[in-house]
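Below you'll find the structure, written out as structure tokens, and then a few comments.
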Amino acid sequence: MEHFAILKSLVRVAMAHDTPPLRHQIERLAEAMSAAGETKEAAALRRTLSTSAREHGLTPSRIAKSNTTLEAGERLTSSVPVPVDKESSANLATVTMPEDIHVSLPLFPNSVQENIEALIQEWANATLLGEAGMRATQSVLVYGAPGTGKTTLALWLAKSLGMPVVLARLDGLISSYLGTTARNLGALFAFANRYECVLVLDEFDAIAKVRDDPNEVGEIKRVVNALLQNMDSRDGHGITIGLTNHEALLDPAIWRRFEVQLSVPLPEFEQRIEIARRFLDDHQERTLPEAKLLSWVCDGVSGAELQTMATKYRKRRLLQASSGYTAIQTVTQLARSTSVHISAEKRTEIESDEATLTRQLASAEQKFSKVELAMLFECSTKTIARRLDLASEDGGANAE
Ligand SMILES: Nc1ncnc2c1ncn2[C@@H]1O[C@H](COP(=O)(O)OP(=O)(O)O)[C@@H](O)[C@H]1O
Ligand SMILES: [Mg+2]
């Protein structure tokens with residue numbers, strides 16, 4: 001479609017003030033375009049809609065602030081002293097006020113997104129729930145691989161609910177001194193229970209490590225019991241969020257003690273595109289093929305690793321602007337040198353000759369268009385078409 005790039009930018013700008021009527025009209029437009037056979041453009045419009053829903057639909061301003069059934073406790077400020085470990089004098093937690101939290105909601109698959117929306121909705125309507133004899137979810141366990149956005153999600157939830165965060169890393173709370181771990185837990189929860197706050201128990205599985213010591217059978221029981229009792233004491237004092245990379249290590253009683261268990265998966269191709277765009281320059285049309293390329297090469301990596309790749313890529317492109325390297329070459333260089341876990345398969349594929357790589361990227365699964373490929377290889381679409389045609393003459397990969 002002629003002028004589609006402008007139309008899409010227009011839609012993006014309009015979506016800064018996302019309203020149901022606007023959405024409806026954009027959906028109509030996408031439908032009309034699908035019907036006219038412009039499926040790619042229609043999909044691009046729908047992507048804009050869903051990205052906007054994630055970024056704006058759940059912003060804190062939409063949430064009736066903290067009219068929960070929680071009893072109003074003392075006011076927590078960042079200058080209130082936090083409890084410390086008696087042996088090491090280390091702080092057992094950090095406190096962050098909601099206005100000092102600056103994170104965006106990570107990009108999750110729709111299934112996770114829906115669960116997060118449901119949680120936010122419960123907390124925003126706690127009064128209504130209370131009148132009906134119910135209450136909003138008080139505890140959530142978030143589990144998934146490292147770097148999948150768990151800590152970021154917990155902080156974002158606190159910001160969205162307008163509550164301060166008391167963030168404790170449980171590995172820092174565990175002491176080799178008998179009885180100290182349970183005492184630290186007690187001090188942490190007593191502190192958190194004085195305020196309406198989000199208590200985040202990061203590296204939650206660290207509790208399970210106590211179990212590794214055969215001499216400490218009694219101690220682990222004490223610690224698990226202390227944790228369960230302390231979690232019960234939280235009721236009505238805000239929200240408790242446990243975060244873990246190793247859910248299998250958790251004691252089943254602790255697992256069950258959380259009202260909601262939320263699994264955070266590694267991002268899929270489509271989410272990886274959005275994540276890469278977030279860390280490239282989201283507002284520039286030309287970054288889409290680059291984000292797609294990064295998403296393709298980062299198959300199976302976490303959001304954090306993809307962030308690392310995208311940030312490095314952006315830096316290199318800026319510094320190498322006049323070097324004559326193509327986007328493909330820059331990504332190839334990065335894939336060779338990065339600590340990010342690029343799969344052996346992708347490492348091999350990106351190193352293959354241009355014609356083979358072109359066919360690979362154009363394959364049905366990846367759907368890089370000729371125009372996108374021409375941008376990435378910095379050649380003409382004719383050259384791309386020739387590479388693909390040769391392949392089909394050979395009986396190789398299909399040309400579309
Ligand atoms: N799905 C995602 N979408 C956007 N950014 C992500 C995603 N997953 C991870 N990140 C980024 O990676 C970084 C590390 O994430 P973090 O929340 O610390 O992960 P975890 O606690 O699961 O180890 C953050 O800067 C976050 O923005
Ligand atoms: Mg974390």
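Given 384, 328, 350, 342, which one is more than 16 Å from ligand 1 (Cβ to nearest atom), open to solvent by less than 60 Å² (accessible area, probe 1.4 Å) and not in a helix (DSSP H, G or I)?
Numbers: 384 fails: not in a helix (DSSP H, G or I); 328 fails: not in a helix (DSSP H, G or I); 350 fails: not in a helix (DSSP H, G or I).
After applying the criteria, what remains is 342.
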Inter-residue pairs, beta-carbon under 9 Å, first farther than 12 Å from residue 236 by Cα and in the range 192-203, second away from ligand 2 (no atom under 16 Å from the Cβ) and open to solvent by 20 Å² or more (accessible area, probe 1.4 Å), 6+ apart | 199/193; 199/237
Does at least one position in the range 145-157 carry a residue that is open to solvent by less than 10 Å² (accessible area, probe 1.4 Å), within 16 Å of ligand 2 (Cβ to nearest atom), closer than 15 Å to residue 98 by Cβ and not in a helix (DSSP H, G or I)?
-> no
Could you grab me the full set of residues in the range 249-281 that are modelled with pLDDT of 90 or more, open to solvent by 60 Å² or more (accessible area, probe 1.4 Å) and within 16 Å of ligand 2 (Cβ to nearest atom)?
-> 266
When the range 2-54 is checked residue by residue, the ones that are open to solvent by less than 30 Å² (accessible area, probe 1.4 Å), more than 22 Å from residue 372 (Cα to Cα) and assigned to a helix (DSSP H, G or I) are 15, 26, 52
So which pairs qualify, if the first residue must be in the range 329-355 and more than 15 Å from residue 299 (Cβ to Cβ), the second must be open to solvent by less than 40 Å² (accessible area, probe 1.4 Å), the Cβ gap must be under 6 Å, and the two must be at least 6 apart or on different chains?
-> 332/350; 355/387
Are any residues in the range 301-322 buried (at least 21 other Cβ atoms within 10 Å of the Cβ) and in a loop (DSSP other than H, G, I, E, B), and if so, which ones?
-> 301, 302
Could you tell me which of the residues 365, 378, 345 is among the charged types (D, E, K, R) and over 28 Å from the mean Cα position of the chain (by Cα)?
-> 378
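One line per residue, one yes/no per condition, for (1) of a type in the set (A, V, I, L, M, F, W, C); (2) outside the structural domain of residue 197 (by TED's automatic domain parsing); (3) part of a helix (DSSP H, G or I):
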{"position": "89", "(1), (2), (3)": "no, yes, no"}
{"position": "102", "(1), (2), (3)": "no, no, no"}
{"position": "105", "(1), (2), (3)": "yes, no, no"}
{"position": "108", "(1), (2), (3)": "yes, no, no"}
{"position": "117", "(1), (2), (3)": "no, no, yes"}
{"position": "121", "(1), (2), (3)": "no, no, yes"}
{"position": "127", "(1), (2), (3)": "no, no, yes"}
{"position": "134", "(1), (2), (3)": "yes, no, no"}
Any idea which of (1) in a strand (DSSP E or B); (2) within 16 Å of ligand 1 (Cβ to nearest atom) is the one residue 166 doesn't satisfy?
-> (2)
Residues that are more than 24 Å from residue 164 (Cβ to Cβ) and open to solvent by less than 30 Å² (accessible area, probe 1.4 Å), drawn from the range 109-139 | 109, 112, 113
Being farther than 28 Å from residue 162 by Cβ, more than 12 Å from ligand 1 (Cβ to nearest atom) and not in a helix (DSSP H, G or I) is the filter here, so list the residues in the range 247-276 that pass it.
-> 250, 251
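The values are calculated or read from the model by the stated rules, or taken from the named source; none is laboratory data. Every value quoted in this text rests on a predicted model; they were computed, and no experiment measured them. Neighbour counts run over all protein chains shown; Cβ positions are idealised from the backbone, glycine included. Accessible surface areas use protein heavy atoms only, side chains included; no ligands, DNA or RNA. Shrake-Rupley method; radii C 1.70, N 1.55, O 1.52, S 1.80 Å.
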